[in-house]
1. Which order do the peptides 14-27, 41-54 take when ranked by the mean count of other beta-carbon atoms within 10 Å per residue, highest first?
2. Sort 34-40, 98-104 by the packing proxy (mean of other Cβ within 10 Å over each peptide's residues), most packed first.
3. Report in % the part of the accessible area of the chain that belongs to carbon and sulfur, leaving out ligands and nucleic acids; probe 1.4 Å.
4. What does the convex hull of the alpha-carbon atoms of the chain project to on average, in nm²?
5. Post the alpha-carbon centroid distance, region 43-87 to region 122-147, in whole angstrom.
6. What do you get for the angle between helix 18-29 and the principal long axis of the chain? Use alpha-carbon atoms, 0 to 90 degrees, nearest ten.
7. Output the 0 to 90 degree angle, nearest 10, between the alpha-carbon long axis of helix 63-72 and the longest principal axis computed from the alpha carbons of the chain.
8. Tell me what the chain gives for mean residue ellipticity at 222 nm when only DSSP H runs of n ≥ 4 count, each as -39,500 (n - 2.57), the sum divided by the residue total, rounded to 500 deg cm²/dmol.
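The values are calculated or read from the model by the stated rules, or taken from the named source; none is laboratory data. Remember, it's a predicted structure, so these values are computed and weren't measured experimentally. We place every Cβ from the backbone using ideal geometry, glycine too, and count neighbours over all the protein chains shown. With ligands, DNA and RNA removed, areas are computed over all heavy atoms of the protein, side chains included. Shrake-Rupley method; radii C 1.70, N 1.55, O 1.52, S 1.80 Å.
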Amino acid sequence: MAASSQERVAAITGGAGGIGEACVARMRRDGWRVVVLDRNMDLAREVAAGHGAVAHEIDLADAGSIADAARWVEKEIGPCSALAAVAAHLENPHMPQAQDFTEWEAILRVNLTGTFRTLTAFGAGMLERGNGSIVTVGSITAFNSSPLQAYGPTKAAIINMTRNFAVAWGRQGVRVNCVCPGPTRTPAVEASYARGERNPDTMIRQTALGRLVKPEQVANAIGFLLSDDAGAITGIELPVDAGTLATQLWGLYGGVPGPAQS
Ligand SMILES: NC(=O)c1ccc[n+]([C@@H]2O[C@H](COP(=O)([O-])OP(=O)(O)OC[C@H]3O[C@@H](n4cnc5c(N)ncnc54)[C@H](O)[C@@H]3O)[C@@H](O)[C@H]2O)c1
């Protein structure tokens, strides 16, 4: 089960999800030994089997589970030198006064505290060895107002956290960057379109490219930042959003010109 000397080990939290699975595929193609970490073990096993990876349970709401998963990866698979911290508790749009505080607590626990603990647990071995690369996953909701009342602030905090870790660990050989997806056509988001909670056409109209993001396009950015090709890059946040952030002021002047794809 341990990695061969040629294969470096990458851990992907949320590896059973849409963007997570695309990261598993990309990292396998790049020759990494990949561990799919998720709380949904049925899906994690399926994804792992489909991509020649291994699956292991993690629950970001549980500090012990995060520490156990990090220990298991180091002991059973090998020294982990790449981490994609993809797992998150998602949220549907609503007004602030309608916030459910049980959900608020759950989102902060997973996205904020869980991500912080994931970085410290998986980063410990990287610091000891003086070598490693971490990518956190933010969101374009981190940069501006949105009706994702709890999720957006946690994603803004992840950007701040990423910069903190990047500077704290930079001289010990560990790079830390953040990828911020725009609306990405994962199975979970497609299901949300089908339930009428989000409208893909409205979202497409607000992209510069006239189309939404594919999971593999986010994974390509994550794979690049985790690779040695990004050896001089740390402490950045990289939007992968089909130009959604760039279009904002065009709404004041009638919107983005040109046809969009459906
Ligand atoms: N899809 C988008 O449009 C979009 C946009 C911006 C940011 N993002 C971010 O991209 C990342 C991946 O999102 P996705 O769209 O692939 O969603 P997804 O729901 O398909 O994947 C999320 C994964 O995280 C896992 N997870 C949730 N809570 C967990 C916990 N407590 N412990 C362990 N695992 C847990 C889920 O089981 C799931 O496999 C998230 O960080 C999300 O916030 C997505």
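1. 14-27, 41-54
2. On the way: 34-40: 26.3, 98-104: 11.9.
Going by the mean number of other Cβ atoms within 10 Å, highest first, we get 34-40, 98-104.
3. Working: 6610 of 12490 Å².
Roughly 53 percent of what the probe reaches on the chain is carbon or sulfur.
4. Numbers: hull surface 57.1 nm².
Approximately 14.3 nm², given one-decimal rounding.
5. 16 Å
6. With rounding to tens, the tilt is 50 degrees.
7. 50 degrees
8. Per the formula, -11500 deg cm²/dmol.
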